[in-house]
1. In debye, nearest 20, what is the charge dipole magnitude of the chain about its Cα centre with +1 on Lys and Arg Cβ and -1 on Asp and Glu Cβ, if you could check?
2. Summing +1 for each Lys or Arg and -1 for each Asp or Glu, what net charge is found among the other residues whose Cβ lies under 10 Å from the Cβ of residue 9?
3. Give the distance, in whole Å, between the Cα centre of segment 158-205 and the Cα centre of segment 226-252.
4. What is segment 73-206 by shape, rounded, prolate or oblate, if you read a ≥ b ≥ c off the alpha carbon gyration tensor as root eigenvalues and call it rounded for a/c under 1.5, prolate for a/b larger than b/c, and oblate otherwise?
5. When only C-alpha pairs under 8 Å and at least 6 residues apart count, what is the relative contact order of segment 126-196, in percent?
6. Would you list, by chain and number, the lysines whose Cα falls below 28 Å from the Cα of residue 206, excluding same-chain residues fewer than 8 positions away?
7. Mind checking which lysines have their C-alpha under 27 Å from residue 242, skipping anything on the same chain fewer than 8 residues away?
8. Does segment 67-135 come out rounded, prolate or oblate, given a ≥ b ≥ c as the square roots of the eigenvalues of its C-alpha gyration tensor, rounded meaning a/c under 1.5 and, failing that, prolate meaning a/b above b/c?
Amino acid sequence: MNTMMELSIGPLLYWWPRQALLNFYADLADAPVRSIVLGELVCSRRNEFKFDDWLALGRELREAGKDVRLATMALVMSEAELRSLRRVCEQDEFGVEAGDAGALQVLSRGPRRPFTLGPHLNIYNAAALAEHAALGADRWVAPVELSLDAVGHINPGPSAVQTEVWGFGRLPLAFSARCFTARHHRLQKDDCQFRCRDDADGLLLKTGEGVDFLALNGIQTQSAALQCLIGQGAALREAGVKRLRLSPCAAQFGRVVELFDAVFTRGASAGDALAELRELPLPGRLVDGFARRQPGLAEAA
């Protein structure tokens, strides 16, 4: 059985050329999605798109009927990054998705406005979620390694914080003060030559046996495989999930959105959609193990 729910587009995690980024969001303005999260979450050196540019883009998407929120970084390591965090949290045009505890501190001190608890916050039980909800959170993106039945136990129900899960895209696994992309190219982090611009979906890392394993994205480590919950409608419904997050990739993302929309809002066959997704030139194979209490790299069902 399928379940109707909103689709949410997570922040772009890679550094794409400015025009490619603008074209991507222009396409999303007409896409069947309700919520879009904008902003730089990974690395403050990716500054081709400035804060005012994100605001301008957010206004355009809002005029197209989208619910826009601005993300803060997941790992804040300098005073400049802290100033940027405050700037995002203190603007009053858009809601905010908190990437770390520092953002929560700023948001809790200002005027009470609803905000999203991002997937990188360590929220693993109902008591922790209630504590964060008391600060004003109205949405919660569950940590990606939680199974859907665990999400259901934490989910506070329809009258409180809405639950969102990572429905598609490379899984965010870790952040580090070290830039692994720069290290791969034998460069210092502060003189990285912006080499992550060369990898539209991150830099693939293989095991010694040649199997795709991880993706390096600056200071972020991701899975090489893509989580795909298009076949988990019944479990999502049982867990009380209200939104599915789709994380952008460079190829065929528009078709990915169309297929998820067909399944979760128009009742199309999840099996047929999954079969088509497997045929698309996506940057990795499709998995859903975490959602089913299986190893994370288990093939999507």
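1. 460
2. Every neighbour counted, the sum reads +3.
3. Their Cα centres are 20 Å away from one another.
4. Here segment 73-206 falls in the oblate category.
5. Over segment 126-196, the number comes to 27 percent.
6. 189
7. 66
8. Verdict is oblate for segment 67-135.
Laboratory data are not the source of any read-out in this text; all were calculated from the coordinates shown. Keep in mind the model is a prediction, meaning the values are calculated, not measured. Here the Cβ is made from the backbone with ideal geometry for all residues, glycine too, and neighbour counts use every protein chain on show.
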